[in-house]
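Asks: Before I ask anything, here is the structure I am working with.
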Amino acid sequence: VGRPLSDIRSTLVITDLAATIDDVLEHLVPREQTVTDAAGRWYQLAVRPYLTADNKIDGTVVSVVDVDTIRSAQVLLTEARDYAECIVNTIREPLVVLDEDRRIRSANPAFRSVFEIGSDALEGKSLAQLGDPFWMAPSLQGALDRLARGESVENERIELVCSTLGERTMVLSGRPMARGPDRPQWCLLAFDDVTEEMKAGALARRSERAMRDMLGAASESIV
């Protein structure tokens, strides 16, 4: 007590604390910042004007609160979110997350590319607002109904007609997304466009049948 603050050694890594105190005294506006100590623990540093009982400013109050647990949890949460987003954005399958009202919460680049959706913001839009009757097809809505009941959708093939893509055959997979107690359930949908594979398979089968018919009708001996 009675010594200048600058005489006190601290393990906290603080930049210009004296200047921060002077600024608070001059402008009477509290300042806060997150700092670390030499061991890397996180603290919340706050500098506020000190108000006396007779409502006069008489210095400042400097407080330091240990927020290492909270800060570390936030860092881990951010890393986990960025990690998940990186994976989702790299996947070539169209993926979309829908909330309990079937509004889009997120969609990966493949979703926009495959369904030829522009750069407009998708978050918060319902499937109906995407402007194509394709999204309201009974087969797709039926799958969403099952997801809303907590069921999973496994590799379900659906036939759809899209105004921009034409007739498409999609393999749909979906999972309910648990979000903790007392929170509405969301769902994750994955689309796999197998239209070309189906066409190629049908062409191969037709070619095989044509070959068999040709061989069966030939008068020569063929082996």
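Asks: Can you work out the accessible area per residue across the chain, with the rest of the protein chains kept in place, probe 1.4 Å, in square angstrom?
Replies: 68
Asks: Here is a follow-up. Calculate the spin-label point distance for Ile91 paired with Thr195, positioning each point 7 Å from the Cα along the beta-carbon direction, and give it in nanometres.
Replies: If labels sit at Thr195 and Ile91, their model points lie 2.2 nm apart.
Asks: Check each of the GluC sites (Glu not before Pro) in the stretch 33-108 and keep only those in coil by DSSP with at most 12 other C-beta atoms within 10 angstrom; list them in order.
Replies: Glu100
Asks: Specify the angular offset, from 0 to 90 degrees and rounded to the nearest 10, of the alpha carbon long axis of helix 138-148 from the longest principal axis of the alpha carbons in the chain.
Replies: 40
Asks: So which GluC sites (Glu not before Pro) in the stretch 120-223 are both in a DSSP loop and have at most 15 other Cβ atoms within 10 Å of their Cβ?
Replies: Sparse-neighbourhood loop GluC sites (Glu not before Pro): Glu123, Glu151, Glu220.
Asks: Moving on. Which loop-located trypsin sites (Lys or Arg not before Pro) does the stretch 75-152 contain, where loop means any DSSP state but H, G, I, E or B and the Cβ has at most 13 other Cβ atoms within 10 Å?
Replies: Arg92, Arg149
Asks: Among (i) -0.66, -1.26; (ii) -0.59, -1.17; (iii) -0.73, -1.27, which is the computed log10 I(q)/I(0) by the Debye sum over Cα atoms at q = 0.10, 0.18 Å⁻¹?
Replies: (iii)
Asks: Further, regarding this structure: In a shell of Cβ-Cβ distance under 10 Å around Asp23, excluding Asp23 itself, what net charge do Lys and Arg (+1) and Asp and Glu (-1) give?
Replies: So the environment of Asp23 carries a net charge of -2.
Asks: Rank Asp192, Asp58, Asp99 by mean-square fluctuation in a GNM of the chain with C-alpha springs under 10 angstrom and give only the top-ranked residue.
Replies: In this elastic network of the chain, the residue with the biggest mean-square fluctuation among Asp192, Asp58, Asp99 is Asp58.
Asks: Given a Förster distance of 25 angstrom, what is the FRET efficiency for Ala46 paired with Glu79, based on the Cβ-Cβ distance and rounded to 0.05?
Replies: Plugging the Cβ-Cβ distance into 1/(1 + (r/R0)^6) gives 0.40.
Asks: Suppose a student asked you for the relative contact order of the stretch 99-184, using Cα pairs under 8 Å spaced at least 6 residues apart; what percent would you report?
Replies: 23
Asks: A follow-up question, please. In deg cm²/dmol and to the nearest 500, what is the mean residue ellipticity at 222 nm of the chain if only DSSP H runs of at least 4 residues count, each as -39500 (n - 2.57), divided by the residue total?
Replies: Counting only the DSSP helices, I get -11000 deg cm²/dmol.
Asks: Run the simple label-point estimate for Arg183 and Asp66 please: 7 Å along Cα→C-beta, distance reported in nm.
Replies: Calculated label separation equals 2.8 nm.
Asks: Let me ask something else. Once you've got the GNM for the chain with C-alpha springs shorter than 10 Å, pick whichever of Asn89, Asn55, Asn108 has the biggest mean-square fluctuation.
Replies: Of the options given, Asn55 has the highest mean-square fluctuation.
Asks: Along the Cα→Cβ direction, 7 angstrom out, place labels at Glu151 and His27. What is the inter-label distance in nm?
Replies: 6.0
Asks: Let me ask something else. At a 1.4 Å probe radius, carbon and sulfur cover how many percent of the accessible area of the stretch 1-139?
Replies: 54
The values are calculated or read from the model by the stated rules, or taken from the named source; none is laboratory data. Treat the numbers as computed from the prediction; the structure is a model and nothing was measured. FYI the Cβ positions are ideal-geometry reconstructions off the backbone, even for glycines, and counts take in every protein chain you see. Surface areas here come from the heavy atoms of the whole protein model, side chains and all, with no ligands, DNA or RNA. Shrake-Rupley method; radii C 1.70, N 1.55, O 1.52, S 1.80 Å.
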